[in-house]
1. Answer with yes or no whether residue 214 is closer than 26 Å to residue 136 by Cβ, part of a loop (DSSP other than H, G, I, E, B) and touching a helix residue (DSSP H, G or I) at 6+ places or on another chain (Cβ under 9 Å).
2. Could you tell me whether residue 187 is at pLDDT 95 or above and assigned by TED's automatic domain parsing to the domain that holds residue 98?
3. Checking residue 207 against (1) part of a strand (DSSP E or B); (2) touching a helix residue (DSSP H, G or I) at 6+ places or on another chain (Cβ under 8 Å): exactly one of these is not met. Which one?
4. Scan segment 14-34 for residues that are exposed (fewer than 15 other Cβ atoms within 10 Å of the Cβ) and either farther than 19 Å from residue 237 by Cα or modelled with pLDDT of 60 or more (or both) and jot them down.
5. For residue 188, work out the one condition from (1) touching a residue at least 40 places away in the same chain (Cβ under 8 Å); (2) in contact with a helix residue (DSSP H, G or I) (Cβ under 9 Å, 6 or more places away or on another chain); (3) in a helix (DSSP H, G or I) it doesn't fulfil.
6. Which residues, taken from segment 38-53, are surrounded by fewer than 13 Cβ atoms within 10 Å (Cβ to Cβ) and part of a helix (DSSP H, G or I)?
7. Keeping to segment 120-153, report how many residues are assigned to a loop (DSSP other than H, G, I, E, B), in contact with a helix residue (DSSP H, G or I) (Cβ under 9 Å, 6 or more places away or on another chain), under 22 Å from residue 95 (Cβ atoms) and free of Cβ contacts under 8 Å to residues at least 40 places away in the same chain.
């Protein structure tokens, strides 16, 4: 059970065997058309035409097949269904109008975390999915390192004091602290384990712009929802 990093960019294409098959097909097509041109220059028109038609047919079939493979591989790494689970959990928590509750899932990638879903409850923004940050910072890093659920609360309403809290209490640099959600008042982070519960595969993160939102009852709802999400992840990404 490992939540995949969403397919994106050249990195993903390079890792797909279908990409190399497409390159081979293109190279073979170049050789085939060169042969057809050679036959044509020799006046062997029928053979040139037969060669060209054969090349077009074989290459078209190969490209179509491999493009379907790429599409299937892309769908396999999609996290849209996972985002659907987060939408459901957010609806169950039933925040009131004006309360900005956001949920997202992050996965460890070597010494960093990578965000693999949009922030559910917020307007999608380019660059959020796929962004990385150090694994030793914030409540997400704490939940990952200590394999436990944590709830954090902002001490001061003053923004500059809040930035200092993030630096002193959560190990952020000032630059990164100023990039975080300035309206957040509370946070919660929950590890998502592998089936044997030996390894943390991901972390569910929530933040909200209201104090005292993560009550004991809501925490129980989130834990119950996370159990369902873990089952879904185990089946979807097996």
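The values are calculated or read from the model by the stated rules, or taken from the named source; none is laboratory data. These numbers were taken from a predicted model, which means no experiment stands behind them. Don't worry about glycine lacking a Cβ; one is built from the backbone with ideal geometry, like all the others, and counts go over all protein chains shown.
1. yes
2. yes
3. Among (1) part of a strand (DSSP E or B); (2) touching a helix residue (DSSP H, G or I) at 6+ places or on another chain (Cβ under 8 Å), the lone unmet condition for residue 207 is (2).
4. Kept after step one, since they are exposed (fewer than 15 other Cβ atoms within 10 Å of the Cβ), are these residues of segment 14-34: 14-15, 17, 20, 23-24, 26-28, 30-31, 34.
Within segment 14-34, 14, 17, 20, 23, 24, 26, 27, 28, 30, 31, 34 qualify.
5. (3)
6. 41, 45, 46, 53 - these are the residues of segment 38-53 that are surrounded by fewer than 13 Cβ atoms within 10 Å (Cβ to Cβ) and part of a helix (DSSP H, G or I).
7. Taking segment 120-153 and keeping what is assigned to a loop (DSSP other than H, G, I, E, B), we get 121-131, 135-137, 147-149.
Checking which are in contact with a helix residue (DSSP H, G or I) (Cβ under 9 Å, 6 or more places away or on another chain) leaves us with 121, 130, 135-137, 148-149.
Filter once more, keeping what is under 22 Å from residue 95 (Cβ atoms): 121, 149.
The next check asks that each one be free of Cβ contacts under 8 Å to residues at least 40 places away in the same chain; those that pass are 121.
Selection size over segment 120-153: 1.
For every residue, the table says whether it meets (1) modelled with pLDDT under 90; (2) closer than 29 Å to residue 81 by Cβ.
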{"site": "107", "(1), (2)": "no, yes"}
{"site": "126", "(1), (2)": "yes, yes"}
{"site": "140", "(1), (2)": "no, yes"}
{"site": "162", "(1), (2)": "no, no"}
{"site": "168", "(1), (2)": "no, no"}
{"site": "171", "(1), (2)": "no, no"}
